[in-house]
Amino acid sequence: MFMHSSIQASVIISTYNKPEYLELVLYSYSIQTNKNFEIIIADDGSDDRTKNVIDIFKNKTDFKVVHVWQVDNGFEKTKILNKAIVASGSDYLIFTDGDCIARKDFVETHLALRRNNCALSGGYFKLTESVSKKISKDLIFKQKCFDKIWLLENGQPKSFKLNKLTASKFKSKFLNTVTPTKATFDGMNVSCWKIDILEVNGFDERMCYGGEDREVGERMMHNGVKFLQVRYSCICVHLYHERPYKNEAARLENEKIRQSTKKYKTIKTPFGINS
């Protein structure tokens, strides 16, 4: 099941009108220790500022970069992610967001830990608003945004969650084992075999913001895919932003869909890639 082509993975980055964040995120992928991947931008209707960031990045790097865009019609992340899955050219997919800066070993670690019939459930470390504003390409290049001491010196509150940034493989493996957090499909940091997500027909396109990523993971689990906990191994930091697209009515509708998925142990949605 492992790759026969030269590209080992497709990194699918979802974005919407955050070009200044996307620029930093793309830079974090330009300095990955394993560069054997393509980048798919799943763009849910951004304006030309985002296109300009992507075009500049394309011209500066040798990566294959595919910009998958759709007209802005409100929060339709599930639809653009399905289009990105179809556009991907490798057997293995890494999903993340355009506000999550990847540590330089992010892709390498996802690929090293992949297993047949499994998905990898990663985590993310949330930066405060003030720290997020300080992040620059130079800090990413020096990996300071993953440095506990630098973060504390620059105003990040001290908490146990700083352990999410550990560089110790022994410590990360131990914490992955003992954490009470369940391994789920969290769209900010998750990877899986392309065939496994295609077999459940991708994301349910009826769903707006709120658990839409968890739901596709639940269907994958019903189909026999095991989710492995790697939240302390595959590291990214999340840049602060507001969530104006949060909608209580949509959340309740999403919850109904998830409850139905759980009750009937649904595997394939009729509202997915092939609908």
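Laboratory data are not the source of any read-out in this text; all were calculated from the coordinates shown. Bear in mind the structure is a predicted one, so any value in this text is a computation, not a measurement. Quick reminder, even Gly has a Cβ in these numbers, built from the backbone with ideal geometry, and neighbours come from all protein chains shown.
A few notes on this one:
- If R0 equals 22 Å, the separation of the Cβ atoms of residue 222 and residue 160 corresponds to a calculated FRET efficiency of about 0.10.
- The fraction of all Cα pairs in region 53-179 landing in successive 10 Å bins from 0 to the largest distance is 9, 33, 35, 22, 1, given as whole percents.
- Greater than 32 Å apart at Cα, pairs in 51/182; 51/142; 104/262; 133/265; 18/263: 51/182; 104/262; 133/265; 18/263
- Fewest-first sequence of 15, 50 by Cβ atoms within 10 Å of each Cβ: 50, 15
- Computed from point charges on the beta carbon alone (+1 for Lys and Arg, -1 for Asp and Glu), the dipole magnitude for region 177-251 about its Cα centre is near 220 Debye.
- For GluC sites (Glu not before Pro), the sites in region 216-275 that DSSP calls loop and that have at most 16 other Cβ atoms within 10 Å are 242.
- Convex hull volume of the Cα atoms of region 41-117, normalised per residue: 119 Å³.
- Computing FRET efficiency as 1/(1 + (r/R0)^6) for residue 55 and residue 33, where r is the C-beta to C-beta distance and R0 is 25 Å, gives about 0.45.
- Of the chymotrypsin sites (Phe, Trp or Tyr not before Pro) found in region 1-75, the ones in coil according to DSSP and having at most 13 other Cβ atoms within 10 Å of their Cβ are 2.
- The H on the amide N of residue 228, modeled in the peptide plane, is under 5 Å from the matching H of 119, 120, 121, each at least 5 residues off or on a different chain.
- Extension reserve of the residue 147-residue 134 stretch, reckoned as 0.36 nm per residue once the Cα distance is removed: 3.3 nm
- Taking 7 Å steps out from each Cα toward its Cβ at residue 259 and residue 170 produces label points 4.8 nm apart.
- q = 0.08, 0.09 Å⁻¹: log10 I(q)/I(0) that the Debye formula gives for region 9-264, counting C-alpha atoms only: -0.29, -0.37
- Mean Cβ count within 10 Å, highest first, over the residues of peptides 153-160, 196-203: 196-203, 153-160
- Region 9-264, relative contact order in percent, only Cα pairs under 8 angstrom and at least six apart counted: 26
- Chain lengthening between residue 275 and residue 64 when straightened (0.36 nm per residue, less Cα-Cα): 73.1 nm
- 17 Å reach of a label modelled at residue 115, 7 Å along Cα-to-Cβ, counting backbone N of region 195-209: 196
- Counting only cysteine Cβ atoms and a cutoff under 4.7 Å, the chain contains unmatched residues 118, 145, 192, 208, 234.
- Modelled spin labels at residue 73 and residue 247, positioned 7 Å past Cα toward Cβ, are 1.3 nm from each other.
- Isotropically averaged projected area of region 108-198, using the convex hull of Cα atoms (one quarter of hull area), nm²: 7.3
- Residues of type lysines that residue 194 reaches as a straight line, Cα spacing below 17 Å, ignoring anything fewer than 8 places off in the same chain: 79, 83, 226, 268
- For the residue pairs 148/171; 164/246; 35/171, the alpha carbons lie more than 19 Å apart in 164/246; 35/171.
- Of the residues 119, 249, 84, the one that moves most in a GNM of the chain with alpha-carbon contacts below 10 Å is 249.
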